[in-house]
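Encoded as structure tokens, the structure appears first; notes follow it.
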Amino acid sequence: REAGLRLPSTVAQTLGVVAGVVLGFAAVQISIVSNATLIVSVTTAVASFSGPNFQVGISWRWLKYFMILGGAFMGLFGIVAVGCFIVAHMATLQSFGVSYLAPWAPLQPDALVDAPLRQPLWLKFRRHSTWRTKNRRRMGDTRGEDNP
């Protein structure tokens, strides 16, 4: 990572991935790590470039390390167990009084209309029960509203 500071960012990232793959291949050849561990490590390294910003990348990096450790110690069961722990932790989080996994946990069928794909804006004239507001009617253009 330090050597890449003097290079352009795209070259440094590419160089880092290639060096990681070469070192990983060497580690597999001398039986330090298994093939599965190398595959998980390389996949997460490549996927880390799809993150939106640096702060999110730090969180993804920690999750990646936990997944790699789980996979290294217990194989597929370890990866699934770590994934379950992550989902359980996400279920306990709240933002502005709303569950982080809403509308799936707790299940709210009326809000599932907008998940996993969003409705067009012209169909959204009522707020979901997830937000727990007194006035469920949205402001703005309400074409298509049934005028209750």
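Take the Cβ atoms of residue 11 and residue 50, set R0 to 25 Å, and the FRET efficiency comes out at 0.85.
Treating r as the C-beta distance of residue 84 and residue 122 and R0 as 35 Å, the FRET efficiency rounds to 0.35. Karplus-based coupling profile of segment 81-96, in residue order and whole Hz: 5, 5, x, 5, 5, 5, 5, 4, 5, 4, 5, 8, 7, 9, 10, 6, with θ = phi - 60° in 6.51 cos²θ - 1.76 cosθ + 1.60 and x standing for Gly or Pro.
Near residue 47: Cβ cut-off under 14 Å, other residues only, Lys/Arg at +1 and Asp/Glu at -1. The net charge is +2. The modelled label-to-label distance for the pair residue 22/residue 110, using points 7 Å beyond Cα in the direction of Cβ, is 6.1 nm.
A short reminder: the numbers here are calculations on the coordinates, not readings from a lab. Fair warning: this is a prediction, and the values are worked out from it, not measured in the lab. Cβ coordinates were reconstructed from backbone atoms using ideal geometry, including for glycine residues, and neighbour counts include every protein chain displayed.
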